[in-house]
Amino acid sequence: MAAHASVIDVPWSLSAKFVGSFAYMTVKDRLPTILTKVIDTIHRNKNKFFEEHGEEGVQAEKRTISLLSKLRNELQTDKPILELEDGMADTDLWNQYLQKQQELLDKQEAPSWFKSPWLYVECYMYRRIQESLHLNPPVSDFDVFKEAKTQSYFESQQAIKAICTHLHGLLEGVEGLPDSQLQGHFLQLLQVSLWGNRCDLSISAGKENAQKCSPIDSLEELKHFILVDDSSMVWSTLMNSNMSGEKPQVRVDFILDNAGFELVTDLVLADFLVSSGLAREICFHGKSIPWFVSDTTRKDFDWTIKQTLATNHRWVSWCGARWQKYMKDGVWSFHSHLFWTLPHEFCDMAADAPDLHNFLQQSHLILFKGDLNYRKLTSDRAWDHTVPFQKALRGFEPAPLCSLRTLKANVQVGLPPGRGEDLTAQEPDWMTGGRFAVVQFFCPSNEQQNPRRK
Ligand SMILES: O=P(O)(O)OC[C@@]1(O)O[C@H](CO)[C@@H](O)[C@@H]1O
Ligand SMILES: [Mn+2]
């Protein structure tokens with residue numbers, strides 16, 4: 001496929017301008033549905049706002065709804081993208097980004113919902129939801145997606161019980177286990193965390209999407225759906241890091257995706273890494289505002305740990321107690337850099353968020369969870385499926401990194417020749433249906449020479 005835009009070797013961005021594409025369907029149908037649900041949620045909480053803030057709360061509810069209805073109208077009628085006006089810490093960055101998008105176009109044309117890159121407009125919608133709330137102070141902290149996230153957590157109770165019980169069983173005998181067995185357990189939990197990514201709420205436009213059965217039992221059957229499986233390289237990276245230097249202090253970073261069942265699978269994997277001695281420190285990275293319906297904020301993270309602790313199930317509350325202690329002791333930490341809720345491709349990180357990039361360079365392994373992170377890793381472009389992952393990263397190489405992602409958007413690189421075509425012939429929606437997955441790894445070549453990581 002000759003998908004090349006004006007910049008040599010970089011294909012075009014996915015966009016709703018390609019009528020009939022998944023991006024088009026998302027902007028046309030899914031995003032307005034999400035906005036309608038947001039408006040409905042705010043309306044349903046009117047009494048709560050009244051109880052908390054009196055008449056001022058009700059007025060804020062009305063103004064927020066009117067801003068959101070205007071936003072939905074702008075989207076549906078393909079109006080120009082507007083500057084943000086809420087004076088938040090990232091407002092200027094968003095407006096500069098809009099400026100850049102404008103420079104890429106003719107003077108006659110303005111960036112708009114159906115003409116601009118999908119990644120940009122989709123991120124922008126969530127940021128505009130935040131602006132609508134932020135401009136109305138009594139309701140500015142209201143998380144419009146909290147109800148959906150809480151519901152999805154409770155609907156996954158059975159699976160959460162199963163995975164926490166499994167972790168307890170594993171950790172009972174973890175000391176002194178030969179590496180080969182440790183590796184087996186690690187690979188299983190990595191896959192559980194991978195498939196946990198099927199449970200996001202933005203692909204289902206907020207409809208119920210929870211894990212109902214034991215996640216361990218289905219792993220064997222699901223293997224066939226992993227299109228790229230670099231998990232043995234992830235394992236080698238951890239082993240090599242643990243062998244380098246005298247007292248290796250191996251750090252693993254999780255760039256989190258969804259709250260609910262997926263987050264629990266991430267916490268289980270992180271617990272295993274620490275308790276088996278494969279890592280000494282875990283840094284979790286989450287969102288600073290509600291994002292793509294189900295993404296994890298600091299509040300969701302803390303809520304999840306508290307909730308597990310309070311669960312009336314021996315091994316779930318046992319996990320909660322351990323996780324709370326890891327946080328208290330600083331073995332685990334949570335970070336929410338603004339960059340994660342900008343529309344930028346990750347290859348922009350070194351220039352636009354150098355502090356975050358430097359921070360990630362200290363990691364021994366970065367796990368990028370989910371589809372949106374994959375889109376940002378690969379710049380959400382129409383790459384040929386055979387393009388190597390490294391090429392699609394376009395220089396984003398802070399440390400060894402691995403994407404754990406179920407496919408929910410039509411970008412996929414690093415496949416053998418012909419594989420993409422075969423899949424398209426067999427299952428036309430293989431890139432968007434969430435049935436397939438990748439464990440895709442990249443290690444910068446100078447990794448062994450990086451003194452900070454020793
Ligand atoms: O990052 P996640 O949670 O795995 O998925 C987010 C997501 O559902 O949002 C977009 C749909 O609007 C898709 O690109 C993507 O599948
Ligand atoms: Mn998500």
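Since every read-out is calculated from the coordinates, none of them should be taken as a lab result. As the structure is a prediction and not an experimental result, all values here were calculated from the model. Cβ atoms come from the backbone with ideal geometry, glycine included; neighbour counts cover every protein chain shown.
Brief remarks on what is shown
- Flagged links, alpha-carbon separation over 28 Å, of 17/46; 28/369; 28/223; 161/223: 17/46; 28/223
- Close amide H contacts of residue 287 (hydrogens built in the peptide plane, cut-off under 5 Å, sequence separation of 5 or more or a different chain): 296, 297, 298.
- You can think of it this way: the chain between residue 141 and residue 298 has 55.2 nm of extra reach, that is 0.36 nm per residue less the Cα-Cα gap.
- Estimated from the Cβ-Cβ distance and a Förster radius of 41 angstrom, the FRET efficiency linking residue 19 and residue 154 is about 0.55.
- Sparse packing (at most 10 other Cβ atoms within 10 Å of the Cβ) combined with a DSSP loop state is found for the following trypsin sites (Lys or Arg not before Pro) in segment 94-138: 107.
- As a calculated quantity, the FRET efficiency between residue 328 and residue 361 at R0 = 30 Å, using C-beta atoms, amounts to about 0.65.
- Multiplying the residue separation of residue 247 and residue 390 by 0.36 nm and removing their Cα-Cα distance gives an extension gain of 48.4 nm.
- Shown here for segment 86-130: GluC sites (Glu not before Pro) in loop regions (DSSP other than H, G, I, E, B) with at most 14 other Cβ atoms within 10 Å, namely 109.
- Counting charges near residue 317 (Lys, Arg +1; Asp, Glu -1) among other residues having Cβ under 11 Å from its Cβ returns a value of +4.
- Efficiency of FRET from Cβ geometry, residue 102 and residue 321, R₀ 35 Å, rounded to 0.05: 0.10
- In range of the label at residue 240: residues from segment 398-428 whose backbone nitrogen is under 18 Å from the point 7 Å along Cα→Cβ: 398-403
- Simple spin-label estimate for residue 85 and residue 312 gives 5.2 nm between the two label positions (7 Å along the Cα-to-Cβ direction from each Cα).
- Residues with amide H under 5 Å from that of residue 387, placed H, sequence gap 5 or more: 414, 415
- Computed helical MRE - 222 nm, the chain, DSSP H runs ≥ 4 contributing -39500 (n - 2.57), nearest 500: -14500 deg cm²/dmol
- In summary, the helical segments of the chain meeting the span-like criteria, namely a full DSSP H run, a Cα extent along the axis of 15 angstrom or more and a mean Kyte-Doolittle hydropathy of at least 0.5, are 261-275.
- Scattering profile of segment 22-139 at q = 0.09, 0.12 Å⁻¹ [log10 I(q)/I(0), Debye over alpha-carbon scatterers]: -0.27, -0.47
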